[in-house]
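Asker: Mind having a look at this structure? Questions to follow.
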Amino acid sequence: MKSRKKEKCLIKELDAIRSLKNESIDLKELEDKMVKLIEKAAQYYQDQLDNNMAQYYFEYGSILVQILEQSQDSVENSLNCVEISRNDRELKNTQLAFENLEAAKTILRNRLDKQNIEMYKLQDQLQQIRSKINETELEMSLILIRIGDLQTWREDYKDGLLNFYAALDFLKNSYNYKELSAVNFKIGNAILLQNENGCEKLSLNHLEQSFRYCYQQLYNKQCDIDLSEKNLQKIVLDNDLLKMLIDKMEDTYIQLNEVNACQKEIQKWKNQEPIFQQEIQYLGRISKQSNEINGIQIKRKI
């Protein structure tokens, strides 16, 4: 069994060499240290192509490249700028650097291949889990819709809507356009039955969504039909369900227009209220004066 303590010592030695690379130290000395460390690492891991060996090969190859660069700089800076052929030592270092860096590349390539295979396996597992979650969410949404139906039937529209919205939340990331259409219609209808201020506009938003999801379910494409009030009567459809949704939207627009007209009349009367108040006050003063005059006449008769 491999000793974790020994492995930590190897890594510590490697980190020490890395830190010395940036200091003004004899690279040949570093090379010797690295050769000994690679031998110890290979002995510990018992496989020259072990995953952990890549970092040792890389550091050794990098040191050899630095030695070659340093040697090249000394040639370029010579007084006579005479081209000097590489000696056997330089050729050996070049070959060693290449071999070590290639070994590091091979190890990392193998590691990447294995990691990619693991990732694909995990993705497949995640896809299976996601599929199961989608099934459970669909079942949950159907239960919530049924509870919402019961609460709406009992005229408990507030709690019914809460369950419909919860079902919609489970369905919103799915492609189950049939259920998305159904729950949006139920929400729109429950909002109208609840009959609170502004219910028509909010209901129309959900009725429109219901229509678009239903259209997508039937024709397998997104709905680009203009569903504005002025265009609803121009829409020609050959599907009874879509026709019913159009009729529902038209009825809701009629209700909305009636509410708006009523609100305008109320506002009109509110705006005229100060004038009525003035007239009432004026009539009150006239009535008072009339009573006073009548009182004087009565006294005179007496």
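Asker: Which three semi-axes in whole Å describe the equivalent ellipsoid of the range 4-130, each the square root of 5 times a Cα gyration tensor eigenvalue, listed largest first? Walk me through the intermediate numbers first.
Answerer: Working: eigenvalues 273, 69, 33 Å².
The answer is 37, 19, 13 Å, longest axis first.
Asker: Quick one: 3J(HN,Hα) in Hz for the range 196-211, Karplus 6.51/-1.76/1.60 with θ = phi - 60°, rounded, Gly and Pro as x.
Answerer: Coupling constants for the range 196-211: 9, 4, x, 5, 5, 5, 5, 5, 4, 4, 6, 5, 5, 4, 4, 4 Hz.
Asker: Let me ask something else. Determine, for each peptide in 57-68, 211-222, the mean count of other beta carbons within 10 angstrom over its residues, then list the peptides with the highest first.
Answerer: Per-residue mean Cβ counts within 10 Å order the peptides as 57-68, 211-222.
Asker: Still on this structure: In nm, to one decimal, how far is the modelled label at GLU39 from the one at LYS268, with both set 7 Å along Cα→Cβ?
Answerer: It works out to 10.6 nm between the two label points.
Asker: Moving on to the next point. Please go through the residue pairs LYS243/LYS270; LYS36/LYS121; LYS201/LYS221; LYS121/LYS186; LYS8/LYS132 and name each one whose alpha carbons sit more than 32 Å apart in this structure.
Answerer: LYS243/LYS270; LYS36/LYS121; LYS121/LYS186; LYS8/LYS132
Asker: Another one. Using per-residue counts of other Cβ atoms within 10 Å, averaged over each peptide, order 152-165, 26-39 from highest down.
Answerer: 152-165, 26-39
Asker: Something else now. Work out how far the C-alpha atoms of the range 175-284 reach from end to end along every principal axis, then list the three figures in whole Å, largest first.
Answerer: The Cα atoms of the range 175-284 stretch 72, 28, 18 Å along the principal axes, largest first.
Asker: Additional query: List, in order, the whole-Hz ³J(HN,Hα) value for each residue of the range 232-239 obtained from phi through the Karplus relation with A = 6.51, B = -1.76, C = 1.60 and θ = phi - 60°; use x for Gly and Pro.
Answerer: 4, 5, 7, 6, 10, 10, 10, 10
Asker: Still on this structure, I have one more. Work out the length of the dipole vector of the range 4-130 about its Cα centre, built from +1 on the beta-carbon of each Lys and Arg and -1 on the beta-carbon of each Asp and Glu, and round it to the nearest 20 debye.
Answerer: Value, rounded to 20: 800 debye.
No value in this document is a laboratory result; all are computed from the given coordinates. Nothing here was measured: the structure is a model prediction, and the numbers come from that model. Ideal geometry is used to build each Cβ from the backbone, glycine not excepted, and the neighbour counts take in all protein chains shown.
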